[in-house]
Amino acid sequence: MGIKTIVRIISIVIILAVHSGCTYFSDESIAERYVNDGKLEQAYDILKSKKSQTYRSLLLQGIILERQELYSEAVEILSKAIEIHRGEKAFFYRGWAWTELGNFNNAIDDFSQVTKLSPYETDAFSGLGTVYLRSNQAAMAVKTFQKALKIAPSNIDLSAQYIRALYCNNEEIKVLAFLSRLPDEIKDDSRLRIEMAWLLCTSSRMQEKDSIVAEKMLNDMAAQCNKTAIFWEVKAAVEAKSGNFHEAKQSIDKAISLSNSRLYDSILKMEQKAYNRNILPPYRDLSRNRPFLIRK
């Protein structure tokens, strides 16, 4: 088969694909692939250059802006997308943008809308529970994560969030009961052990010796988790609880250097200020705002 014949075949395939409605070669499809690969600026450039106002194009632009932490711009674009089509993804990402802007009522409305459109979408329940925690409605957060865990009982991220919600709702004893019911392979996941270490070293309901248990847990996880900000944040809390504020300052500095979120930076810096003054910060308030990184 000659080169000219191959070129003609490829040309025919492309023409047939276009006429059949295939969108694989469309600008929006290429932009979506860039978004999935984390190439946000390239994707945004493609979408803006075509000035397309379709739901899909506006949705992608909104997702890009939300991930770039341009939350006001994301809300504006996603609202335009929703005017065209009341799609669950647009509500979902606008919910996150509202959350980061501190407009919790609007965020609750958007995430609630997603749970109605897709009642088995656990990410929507995750977002909704997060907003309830951030807005100091821990009891509602507990109920929300309970609903999500009925859908996905083995979801470790949801389990970690549920533990956080119970802690913020002053229900630490229920955390122990919840963990005792989990299979070992879930219970031993580092995400849950991090939450347990946080609870042991910061809760006024726990005994003094529990800080020692928390420290041992962190030491066991060091090789696996020491490149994550949350590990160093909990390590700082353990050290501060033992009165070692110099070490706590060093650990919280390390956490700040590893953080990739403006919100999380602000939380860590609140802790940093307390440790610089050799006092313990209000851990339960801080825990309400610690980030849940579940966004798909």
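Computed from label points 7 Å out along Cα-Cβ, the spacing between Gln146 and Asp265 is 3.9 nm. In a fully extended conformation the segment linking Ser29 and Glu73 would gain 13.6 nm over its present Cα-Cα distance, using 0.36 nm per residue. Per residue, the convex hull spanned by the Cα atoms of the stretch 92-164 measures out at 71 cubic angstrom. Of the solvent-accessible surface of the stretch 170-296, computed with a 1.4 Å probe and all protein chains present, 50% belongs to carbon and sulfur. Loop-located GluC sites (Glu not before Pro) in the stretch 165-245 (DSSP state other than H, G, I, E, B) with a sparse environment of at most 10 neighbouring Cβ atoms within 10 Å: Glu208.
Summarising the label geometry, the points placed 7 Å from Cα in the beta-carbon direction at Asn136 and Asp253 lie 3.4 nm from one another. Residues of the stretch 255-269 falling in the label zone of Asn276, defined by backbone nitrogen less than 11 Å from a point 7 Å along Cα to beta-carbon, are 269. Against the empirical 2.2 N^0.38 Å (N residues), the stretch 160-234 has a Cα radius of gyration ratio of 1.04.
The values are calculated or read from the model by the stated rules, or taken from the named source; none is laboratory data. Since this is a predicted model, take the numbers as computed values, not measurements. Note that we place each Cβ from the backbone using ideal geometry, even for glycine, and neighbour counts take in every protein chain shown. In case anyone asks, the SASA skips ligands and DNA or RNA and just uses the protein heavy atoms, side chains included. Shrake-Rupley method; radii C 1.70, N 1.55, O 1.52, S 1.80 Å.
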